[in-house]
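Novice: Below is one structure. I have some questions about it.
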Amino acid sequence: PSAIVNPYSIKFIENGMDYYKELQTGIKTAKSRIVMSSLYLGTDKMEQQMVEDLETAAKTHPNMNITILLDCLRGTRLSKGKSSAQMLQPLVDQSENRK
């Protein structure tokens, strides 16, 4: 399988901070859907800010569909006393309250 892509529409992300900024921009400009897939999220300030941005997006757009796929073992592994799954729990709680 292949897809035809305009080479001028490709943007190379050269480091982790630029990748994070692209994620932030995508979260903040999304209107109906956010889909993320990762081995794990992380538990530092940057990741906490991303979760807060996701919560804000969900509040701003009540019909927003947010899907986050994490590896079961890495997503529940504790780091600094918290796991990626625990970091996302407020977002899950917020989603359940919207139903």
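Novice: Considering Cα pairs under 8 angstrom that are at least six residues apart, work out the relative contact order of region 32-85 and quote it in whole percent. Provide the component values of the computation, followed by the final result.
Specialist: Working: 59 pairs, mean separation 27.6, N = 54.
Relative contact order of region 32-85: 51 percent.
Novice: Mean residue ellipticity at 222 nm from the helices of the chain, using -39,500 (n - 2.57) per DSSP H segment of n ≥ 4 over the full residue count, to the nearest 500 deg cm²/dmol?
Specialist: Details: 4 runs with 49 residues, N = 99.
Value at 222 nm, helices only: -15500 deg cm²/dmol.
Novice: Mind telling me which of Lys11, Lys45, Lys82 comes out most flexible in a GNM of the chain, alpha-carbon contacts under 10 Å?
Specialist: Lys11
Novice: Still on this structure, please answer the following. Grab every C-alpha pair in region 51-99, bin the distances at 10 angstrom width from 0 up to the longest one, and report whole percents.
Specialist: Spelled out per bin, shortest first, that is 24, 50, 23, 3.
Novice: What does the accessible area per residue of the chain come to in Å², with a 1.4 Å probe and no ligands, DNA or RNA counted? Intermediate results must be reported in sequence, preceding the final value.
Specialist: Working: 7500 Å² over 99 residues.
About 76 Å² of surface per residue is accessible.
Novice: Only Cα pairs under 8 Å and at least 6 apart count here; give the relative contact order of region 1-97 as a rounded whole percent. Don't skip to the end; give the middle numbers.
Specialist: On the way: 83 pairs, mean separation 28.0, N = 97.
Relative contact order for region 1-97 comes out at 29 percent.
Novice: If ligands, DNA and RNA are left out, what is the accessible area of Met46 with a 1.4 Å probe, given in Å² to the nearest 10?
Specialist: Result for Met46: roughly 70 Å² accessible.
Novice: Set the Förster radius R0 to 41 Å, insert the Cβ-Cβ distance between Tyr8 and Thr67 as r into 1/(1 + (r/R0)^6), and round the FRET efficiency to 0.05.
Specialist: 0.90
Novice: Any chance you could look up the accessible area of Ile10 with a 1.4 Å probe, heavy atoms only, rounded to 10 Å²?
Specialist: Only protein atoms counted, so the area is about 90 Å².
The values are calculated or read from the model by the stated rules, or taken from the named source; none is laboratory data. Everything numeric here is computed off the predicted structure, so don't read it as measured data. Cβ atoms come from the backbone with ideal geometry, glycine included; neighbour counts cover every protein chain shown. SASA here: full protein model, heavy atoms, side chains in, ligands and nucleic acids out. Shrake-Rupley method; radii C 1.70, N 1.55, O 1.52, S 1.80 Å.
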